[in-house]
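A quick write-up on the structure given underneath.
Derivation of every value follows stated rules applied to the coordinates shown; laboratory data play no part. As the structure is a computational prediction, the values presented were derived from the model and not from experiment. FYI the Cβ positions are ideal-geometry reconstructions off the backbone, even for glycines, and counts take in every protein chain you see.
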Ligand code: GDP
């Protein structure tokens with residue numbers, strides 16, 4: 001996916017080769033191609049437009065040094081703008097508190113349960129924490145079992161109660177359990193639906209209100225392209241989450257979500273999922289992602 005976008009941008013920059021300087025006309029020509037490449041990669045229209053507009057203004061405002069070609073300068077400016085668009089520096093996860101509470105939200109199949117396991121593993125092994133995983137999907141017993149399987153695999157305790165049908169009660173009991181047993185981070189996995197619906201939103205909102213989490217994360221499948229941005233907006237409007245987890249970046253995804261989400265909901269991407277295994281988790285670095293996009 002990214003190769004595709006990179007190739008297209010590179011091809012677009014070739015338009016500038018042979019031109020001695022950056023002019024309004026040759027920049028416009030190239031950026032038209034860049035914009036098309038971004039749209040093809042599922043970046044939303046407004047974001048792509050603002051991006052190219054901003055690159056254009058910066059490019060025209062800069063003197064071209066003799067040591068750098070207009071194409072290289074434009075690449076550099078695109079890189080800087082991409083980093084900016086994706087939030088500048090990496091955004092740290094907040095997990096302090098006694099215990100720190102991290103709440104997952106997102107659609108079914110987005111990768112919440114997998115990410116909950118990955119995050120617990122990360123906090124245990126990289127941050128020296130004692131995490132407790134909590135299964136709050138009261139609709140799908142299989143989701144509870146899935147979290148138990150991951151917990152067993154990772155040597156991390158999973159709190160669940162298949163008899164209780166109120167996720168708020170399960171989460172509250174889990175926090176009491178964490179306090180009495182010196183767990184210092186509680187990771188709450190919640191139910192998701194196949195599409196945004198009122199009942200799911202009411203539920204996640206009630207859980208968030210009751211728990212007052214240290215961090216609420218929105219987990220989204222990067223393969224869903226433009227829908228990822230719309231879903232992010234729907235969740236953010238309702239629960240005002242703190243950060244985004246972009247999963248399945250290892251797949252055949254077009255990556256546009258990474259560019260658009262920050263711009264549309266103004267929340268940072270904090271982690272990316274790069275596989276099904278428990279160690280396939282990366283902190284999101286805007287610099288690295290911009291490198292990857294531009295090649
Ligand atoms: P949930 O319904 O939101 O809890 O989603 P799951 O955690 O059950 O994930 C749905 C599917 O996506 C499972 O088959 C996971 O193994 C898979 N999955 C989750 N994260 C990733 C990822 O980063 N990369 C890949 N390739 N698959 C993932």
Exercise. Among (1) farther than 23 Å from residue 269 by Cβ; (2) surrounded by fewer than 22 Cβ atoms within 10 Å (Cβ to Cβ); (3) more than 24 Å from the chain's Cα centre (by Cα), which single condition is residue 53 missing?
Worked result: (1)
For this session: Look through the stretch 191-214, keep the residues that are in contact (Cβ under 8 Å) with a residue 60 or more places away in the chain and within 16 Å of the ligand (Cβ to nearest atom), and return whichever of them is surrounded by the fewest Cβ atoms within 10 Å (Cβ to Cβ).
Result: 194
